[in-house]
Amino acid sequence: MRLDKYLSHLQFGSRKEVKALIRDKRVRVAGDLITDPGYNVLPGIAVEVNDAQADGPLEVDYLMNKPAGVITATENPTQSTVLDLIRPHDYRPGLYPVGRLDKDTTGLLLLTTDGNLGHALLSPNRHIAKTYAATLAKTLTADMKQQLETGIDLKDFTTAPAQVVVLPDTDGKRIQITITEGKFHQVKRMLLAVDNEVTALTRIAMGPLSLPADLAAGEYRALTDDERTDLDNITR
């Protein structure tokens, strides 16, 4: 990869700013002073800027606990997006959220620079399970639960059978629901179809990923090696 592109990806500045750094003799590669922005940086070669190591992965995967009030998009002129929550030094070109959570929906969101991974996770043919914790306006009756677990006709499509767990000591107003599709407003529409309403919704799992209990709303972390391996295993 070109040296100026490499440093730009690591957030040392725009391509123009990085070229100025290089030409000002502030960049070394494998200990040698390099003044050519087009110098080819090989994988694993040490790069220093102002005598400090320039490192970090060029491709990243982040697990975020999406807060309410931000939209799942890469940019928006009037509203805050999930990418606005990414610290500048963690951002990489091409970073995007996999799938969509509504503005008022919270919880697990994967952001990645790996387009193939995102495509595989969203492919309807793979039936990747997504689990949500939902608070309901009314008690979920046995009949409502049976309808959800059988499949709901939403006019534009019929849902696959969901898995529904009613949480104890909640008067039937808190459930965990697992679906294998991911249509727009799907869980909310399903509950409306059985004469109920979602008042709060949090995604707690997607495929092999689970929302960490210690990850605060609005925070994110890199995927562990095991988490990335698990994702690769189900998307091959």
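The values are calculated or read from the model by the stated rules, or taken from the named source; none is laboratory data. It should be emphasised that the depicted structure is a prediction, and the values quoted were computed from it without experimental measurement. FYI the Cβ positions are ideal-geometry reconstructions off the backbone, even for glycines, and counts take in every protein chain you see. Keep in mind that these areas ignore ligands, DNA and RNA; they rest on the heavy atoms of the full protein, side chains included. Shrake-Rupley method; radii C 1.70, N 1.55, O 1.52, S 1.80 Å.
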- Restricting to lysine pairs 8 or more places apart or on different chains, what number in the chain have Cα atoms under 12 Å apart? 6
- Item | Whole-number accessible area per residue in Å² for the stretch 31-137, which is evaluated in the context of all protein chains at 1.4 Å | 49
- With a 1.4 Å probe and all protein chains in place, put ILE234, ILE86 in order of accessible area, largest first. ILE234, ILE86
- Task: Estimate the FRET efficiency between THR135 and GLU181 by the formula 1/(1 + (r/R0)^6), using the beta-carbon distance for r and 25 Å for R0, to the nearest 0.05.
- Result: 0.70
- Query: Using 0.36 nm per residue, how much length does the chain from ASN116 to THR74 gain when fully extended, once their Cα-Cα distance is taken away?
  - Reply: 13.4 nm
- Can you work out the PRE-style zone for ALA200? Point 7 Å along Cα to Cβ, and I want the residues of the stretch 100-120 with backbone N under 13 Å. 105-107
- Task: For the stretch 141-201 and the stretch 8-57, compute the distance between their C-alpha centroids and round to whole Å.
- Result: 52
- Message: Applying a 10 Å radius around every beta-carbon, put 173-186, 148-161 in order of their mean neighbour count, most first.
- Response: 173-186, 148-161
- With a 1.4 angstrom probe the carbon and sulfur portion of accessible area for the chain, in percent, totals 48
- Note on the structure: Note on the chain: C-alpha Rg/Rh, Kirkwood Rh, two decimals, gives 1.10
- Note on the structure: Of SER210, SER8, ordered by accessible area with the largest first and a 1.4 Å probe, the sequence is SER210, SER8
- Message: Assuming 0.36 nm per residue, please report the length gained on full extension of the stretch ILE45 to THR229 beyond their Cα-Cα distance.
- Response: 63.7 nm
- Item | R0 of 30 Å, Cβ-Cβ distance LYS103-ASP171: FRET efficiency to nearest 0.05 | 0.65
